[in-house]
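Notes follow once the structure below has been shown.
No value in this document is a laboratory result; all are computed from the given coordinates. A quick note: this is a predicted structure, and the numbers were derived from the prediction, not measured. When we count neighbours, we look across all protein chains shown, and the Cβ atoms used for this are built from the backbone with ideal geometry, even at glycine.
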Amino acid sequence: MASKLGSCRACGKEAARNASKCPHCGQRSPVPQSFKAAKIVGVIAGSIFAVGICAAWFSDYSASSAFAIGNSYQVLKAGPLCRTIEGFSQAVNNGVIYLDEARKYGCTMIGFGDRVAMVAKNAELVKVRVITGSDQNNFEGWTDSAYIE
């Protein structure tokens, strides 16, 4: 339950919340009234904010969200395709652009025009299987979603 007393905004001494003037200094309406409408607006705004946070939490706005598992896609940009995410990270960090370099990290290279089938995905990477256009058919691994259409 809220206190029936508050501080006068003029003199700072205690006064009743419903007093028409402060008994100490005579200030009219010395204690600001709490507004029920303001509380209701605050509760509604807080609820809308919470719903927005939940919606953002459960939405898939990741780089790989546009890709559906089971569909096939064309490769738009050459890049490494690696058996593990760690291998992919190492290949990218070391600037791998040639097949011989890629093999050191358990990778192959995919190139423009190759087709891949989506196998799995996480927030930034996609796991695909090469299905046409490459001598690496059926190689399955992780790559950047920016490399495919």
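Annotations for the structure displayed:
- Counting 0.36 nm for each residue step from Ala78 to Ala50 and taking away their Cα separation leaves a gain of 5.8 nm.
- For the pair Ala146 and His24, label points projected 7 Å from Cα toward Cβ lie 6.5 nm apart.
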